[in-house]
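The values are calculated or read from the model by the stated rules, or taken from the named source; none is laboratory data. This is a predicted model, so every value here is computed, not measured. Note: ideal-geometry Cβ built from the backbone for every residue, glycine included; neighbour counts use all protein chains shown.
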Amino acid sequence: MVKINCDASIEISSDSAAIAAIIRNYSGIIIGGDLKKIHFFSVNEAEAEAFRFDISCGCTGGFHNIIVESDNAGLIDRLRSKTFSIWNSAAIGKDILSSLGYFEFCFFSFVGRECNVAVDWVAKITRYNSCPSDWVVKPPQLSRLCCNLVCVMNAVLVLKKRIYISKWTWERWLSVWVLEI
């Protein structure tokens with residue numbers, strides 16, 4: 001199981017954007033990622049393109065069980081309900097859904113911006129043509145630390161749906177994790 005975070009960094013005045021994906025293993029360690037610059041017509045289109053890019057990274061990486069996280073709640077809702085009322089991202093949304101047959105397990109998860117700090121940073125510096133080529137193997141300190149308690153709780157809540165964690169174990173695990181930080 002891997003978790004893939006996605007984000008888009010947009011320069012509205014020039015219709016240019018950069019999208020990024022960060023792939024983490026079950027321990028939260030960055031094991032891969034990718035980035036690219038795009039042109040867009042709307043914020044929704046750029047965010048949907050970032051999500052499609054994450055799905056593509058999951059396929060290319062050979063992962064069969066993924067959690068895709070985004071800080072765009074509207075996009076997550078549209079993908080879950082399979083309704084695309086926003087015309088300029090509808091084709092991208094349908095393409096995302098058609099790609100899901102590759103995966104054994106795929107879950108779309110909304111995360112707050114505080115959990116998307118690392119991928120936001122990668123997308124922003126890519127937009128400014130400043131991203132170091134070795135960012136995946138040598139992530140900046142910010143990327144290592146951004147997996148905060150809220151992000152961990154979100155990931156565990158997803159897993160709680162699949163495995164039972166007793167309240168005592170949950171509280172003990174959180175207290176141990178907080179002490180390790």
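Structure notes:
- Selection within region 41-50 - surrounded by fewer than 22 Cβ atoms within 10 Å (Cβ to Cβ) and of a type in the set (A, V, I, L, M, F, W, C): Phe41, Val43
- Among residues of region 72-102, those that are out of contact with any helix residue (DSSP H, G or I) (no Cβ under 7 Å at 6 or more places or on another chain) and outside any helix (DSSP H, G or I), counted: 2
- Test set (1) more than 21 Å from Ile31 (Cβ to Cβ); (2) surrounded by fewer than 20 Cβ atoms within 10 Å (Cβ to Cβ); (3) of a type outside the set (Asp, Glu) - Asn65 fails condition number: (1)
- Qualifying position, being of a type in the set (S, T, N, Q), modelled with pLDDT under 90 and closer than 29 Å to Glu104 by Cβ, among Ser27, Ser42: Ser27
- Residue within region 93-106 that is of a type in the set (Asp, Glu) and crowded, with 17+ Cβ neighbours inside 10 Å present: no
- Residue in region 37-57 that is without any contact (Cβ under 8 Å) to a residue 60 or more places away in the chain, among the aliphatic types (A, V, I, L, M) and part of a strand (DSSP E or B) present: yes
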